[in-house]
Amino acid sequence: MSEKIAVIGTGYVGLVSGTCFADVGHQVVCVDRDAAKIERLKQAIMPIYEPGLDELVDKNMKAGRLTFTTSIGDAVRQSDIVIIAVGTPAMENGDVDMSQVKAAVIEVAENLNGYKIIINKSTVPVGTAKLSEELIREHRKEEHPFDIVSTPEFLREGTAVYDTFHLDRIVIGADNPEAAERVKQMHEPFQAPVLITNRESSELIKYASNSFLAAKISFINEMSNVCEKVGADVTMVAQGMGMDKRIGKSFLNAGIGYGGFCLPKDTKAQLKIAENVDYDFKIMRAVIDVNQQQRELFVEKIERVLGGSVAGKKIAALGLTFKPDTDDMRDAPSIDVIHALQEKGADVRAFDPVAAGHVDKLFPGMPTYTDPYQAIEGADAAVIITEWAQVKELDLNRVKALLTQPVIIDGRNQFVPEQMRELGFVYVSVGRP
Ligand code: UDX
């Protein structure tokens with residue numbers, strides 16, 4: 001059955017899920033307050049760099065299933081299902097900033113013109129469904145019934161479209177079984193396993209999942225630090241661990257830690273959620289500390305390899321975004337690493353295929369190239385921060401010829417140490433002999 005859906009917020013979650021709902025046959029209107037953004041979207045110009053998204057938006061607009069507007073009121077009134085996908089950034093004190101969610105819920109309430117299911121897809125603390133319910137009762141102008149449902153979003157940046165069509169699970173948190181069933185039907189074309197639960201559990205599943213992924217990364221990063229001291233190879237340790245199905249092989253790549261918008265924010269929020277109910281979530285605290293420490297240890301490693309100091313050294317930083325295939329610089333490890341190197345007197349230049357737009361603000365005056373060889377030319381060392389395809393595919397003989405000395409410090413374990421030594425490099429990576 002085709003549903004009439006309004007999606008409030010055209011960030012990652014809203015834009016991708018709205019477009020994918022349109023692609024499977026629903027009638028979708030996406031709303032954003034930002035008029036310039038909506039104008040560009042109407043011409044299929046994307047506000048984010050996400051492979052495959054522009055074609056999908058264009059295709060579904062042409063098919064008449066996807067439209068864009070700046071009016072929440074219009075969108076809500078013409079829809080039966082309203083998805084809230086606005087931002088929930090962290091505040092200074094670690095609490096989640098709920099102002100955009102609350103504002104959206106109130107606008108939905110003011111425009112309630114019949115029964116509606118209001119789905120929350122933003123990552124929100126436990127209790128938000130209940131709070132939304134109260135807000136709607138308080139602000140609705142007409143006494144229409146409604147249901148608040150929680151369906152957290154698990155997509156990754158850079159593979160968001162692929163992820164939406166290959167979901168591991170759809171979590172539906174609802175108090176009313178009929179609403180849960182209708183939301184399940186709406187997701188049927190995605191053919192993913194469905195878990196129906198209460199709203200509080202659903203809200204917590206999102207934080208629990210991201211926190212656990214972050215814990216896997218911090219675990220393997222600590223393991224890599226032990227490996228370096230005992231002469232073991234962390235990639236082999238991870239491979240051996242991952243062959244146990246109970247552990248699984250993903251998210252066991254040691255390196256310089258996680259960045260991005262979700263894992264850093266959600267781990268801190270999870271800690272705060274526990275703190276707010278007087279529970280000290282010790283593992284979470286360690287996961288966050290280890291992630292920060294991993295960036296610092298990497299800078300120390302660069303100093304060590306360069307003879308104890310980076311002062312006056314020309315360093316080529318390869319990759320700036322928090323991971324490849326995204327232009328997102330939020331909490332990217334490159335920020336801490338490059339700032340530390342600069343403070344210690346290094347002369348840093350960088351390669352990144354898409355992050356140039358962020359450089360002036362984050363690293364004023366730092367020369368940045370979209371060609372890795374330009375960044376490498378004349379540098380005293382190359383430092384791998386993000387495993388872009390252009391980095392993996394580097395012509396290493398050319399790199400050796402361009403550097404003043406053949407030194408590569410690899411924060412993402414992209415090359416085989418033995419081969420690098422055979423090529424004549426001083427090659428130091430993470431957790432490998
Ligand atoms: C994450 C979750 O994966 C996704 O389910 C959720 O909806 C949003 O948050 P995303 O932030 O796009 O997605 O990035 P992800 O691919 O998970 O990577 C996060 C960070 O962890 C990156 O900085 C990456 O480099 C790092 N990482 C990942 C590692 O250091 N090691 C690994 O083994 C995996």
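The values are calculated or read from the model by the stated rules, or taken from the named source; none is laboratory data. No experiment lies behind these values; they were computed from the predicted model shown. Every residue, glycine among them, receives a Cβ derived from its backbone with ideal geometry; neighbour counts consider all protein chains shown. Note: accessible area is taken over every heavy atom of the protein model, side chains too, but ligands, DNA and RNA are not part of it. Shrake-Rupley method; radii C 1.70, N 1.55, O 1.52, S 1.80 Å.
Take the residues in the stretch 331-346 that are in contact with a helix residue (DSSP H, G or I) (Cβ under 9 Å, 6 or more places away or on another chain) and not in a helix (DSSP H, G or I); name whichever of them is nearest to Ala381 (Cα to Cα).
Ala346
Does the stretch 191-198 contain at least one residue that is of a type in the set (Ser, Thr, Tyr) and within 14 Å of the ligand (Cβ to nearest atom)? Talk me through it step by step, then tell me what you get.
Pass one, the stretch 191-198, residues of a type in the set (Ser, Thr, Tyr): 197.
Of the ones still in play, those that are also within 14 Å of the ligand (Cβ to nearest atom) are none.
Within the stretch 191-198, none of the residues are of a type in the set (Ser, Thr, Tyr) and within 14 Å of the ligand (Cβ to nearest atom).
Checking the condition part of a helix (DSSP H, G or I), modelled with pLDDT of 95 or more and over 16 Å from Ser429 (Cα atoms), which residue from Val226, Val290, Val299, Val237 passes?
Details: Val226 fails: over 16 Å from Ser429 (Cα atoms); Val299 fails: over 16 Å from Ser429 (Cα atoms); Val237 fails: over 16 Å from Ser429 (Cα atoms).
Exactly one residue qualifies, and that residue is Val290.
Pull up the stretch 1-38, narrow it to residues that are hydrophobic (A, V, I, L, M, F, W, C) and in a loop (DSSP other than H, G, I, E, B), then point me to the one that is nearest to the chain's Cα centre (by Cα). Break it down stepwise before answering.
Initial filter on the stretch 1-38 (hydrophobic (A, V, I, L, M, F, W, C)): 1, 5-8, 13, 15-16, 20-22, 24, 28-31, 35-36, 38.
Next, only the ones that are in a loop (DSSP other than H, G, I, E, B) stay: 1, 24.
On the way: Met1: 32, Val24: 24 Å.
Filtering the stretch 1-38 for residues that are hydrophobic (A, V, I, L, M, F, W, C) and in a loop (DSSP other than H, G, I, E, B), the one nearest to the chain's Cα centre (by Cα) comes out as Val24.
Test Lys141 against the criterion of being within 20 Å of Ser201 (Cα to Cα), away from the ligand (no atom under 16 Å from the Cβ) and either surrounded by fewer than 20 Cβ atoms within 10 Å (Cβ to Cβ) or without any contact (Cβ under 8 Å) to a residue 24 or more places away in the chain (or both), and give yes or no.
no
Do any residues in the stretch 410-430 that are outside any helix (DSSP H, G or I) have Cβ atoms under 7 Å from those of residues that are of a type in the set (Lys, Arg), where the two are at least six apart or on different chains, and which pairs are they?
Asn413/Arg432; Gln414/Lys392; Leu423/Lys400; Gly424/Lys400; Phe425/Lys400; Tyr427/Arg421; Val428/Lys301
What pairs can you find where one residue is in the stretch 200-227 and touching a residue at least 40 places away in the same chain (Cβ under 8 Å), the other is charged (D, E, K, R) and part of a helix (DSSP H, G or I), and their Cβ atoms are less than 6 Å apart, with a gap of 6+ or different chains?
Tyr207/Asp266; Asn210/Asp266
For the condition over 21 Å from Glu3 (Cα atoms), within 16 Å of the ligand (Cβ to nearest atom), among the hydroxyl-bearing types (Ser, Thr, Tyr) and surrounded by fewer than 22 Cβ atoms within 10 Å (Cβ to Cβ), what is the one hit in Ser209, Ser202, Ser224?
Ser209
Would you mention how many residues in the stretch 243-266 are more than 25 Å from Pro125 (Cβ to Cβ), open to solvent by less than 50 Å² (accessible area, probe 1.4 Å) and either among the aliphatic types (A, V, I, L, M) or within 10 Å of the ligand (Cβ to nearest atom) (or both)?
4
Would you pick out the residues in the stretch 302-321 that are in a loop (DSSP other than H, G, I, E, B), among the β-branched types (Val, Ile, Thr) and in contact (Cβ under 8 Å) with a residue 40 or more places away in the chain?
At the first step, the residues of the stretch 302-321 found to be in a loop (DSSP other than H, G, I, E, B) are 306-313, 319-321.
Now narrow it down to the ones that are among the β-branched types (Val, Ile, Thr): 310, 321.
Residue satisfying the conditions is Thr321 alone.
Checking Glu275 against (1) over 23 Å from Asp352 (Cα atoms); (2) away from the ligand (no atom under 16 Å from the Cβ); (3) surrounded by 19 or more Cβ atoms within 10 Å (Cβ to Cβ); (4) not hydrophobic (A, V, I, L, M, F, W, C): exactly one of these is not met. Which one?
Tallying (1) over 23 Å from Asp352 (Cα atoms); (2) away from the ligand (no atom under 16 Å from the Cβ); (3) surrounded by 19 or more Cβ atoms within 10 Å (Cβ to Cβ); (4) not hydrophobic (A, V, I, L, M, F, W, C), Glu275 fails exactly one: (3).
State all residues of the stretch 77-96 that are open to solvent by less than 50 Å² (accessible area, probe 1.4 Å) and modelled with pLDDT of 95 or more; if no residue qualifies, say none.
The answer is Ser79, Ile81, Val82, Ile83, Ile84, Ala85, Val86.
Of all the helices (runs of 4 or more DSSP H) wholly in the stretch 89-170, which have at least 3 residues that are of a type in the set (Gly, Ala, Ser)?
99-110
Please pick out the residue among Pro324, Pro406, Pro364, Pro353 that is open to solvent by 20 Å² or more (accessible area, probe 1.4 Å) and either without any contact (Cβ under 8 Å) to a residue 12 or more places away in the chain or among the basic types (Lys, Arg) (or both).
Result: Pro364 is the single residue among Pro324, Pro406, Pro364, Pro353 that is open to solvent by 20 Å² or more (accessible area, probe 1.4 Å) and either without any contact (Cβ under 8 Å) to a residue 12 or more places away in the chain or among the basic types (Lys, Arg) (or both).
Only one of (1) over 21 Å from Glu228 (Cβ atoms); (2) modelled with pLDDT of 95 or more fails for Asp360. Which number is that?
(2)
Could you tell me which residue of the stretch 158-186 is nearest to the ligand (Cβ to nearest atom), considering only residues that are touching a Lys or Arg at 6+ places or on another chain (Cβ under 7 Å) and not small (Gly, Ala, Ser)?
Looking at residues that are touching a Lys or Arg at 6+ places or on another chain (Cβ under 7 Å) and not small (Gly, Ala, Ser), I get Asp163.
Give the residues of the stretch 91-106 that are in contact (Cβ under 8 Å) with a residue 40 or more places away in the chain and under 22 Å from Val16 (Cα atoms), sorted by residue number.
Gln100, Ala104
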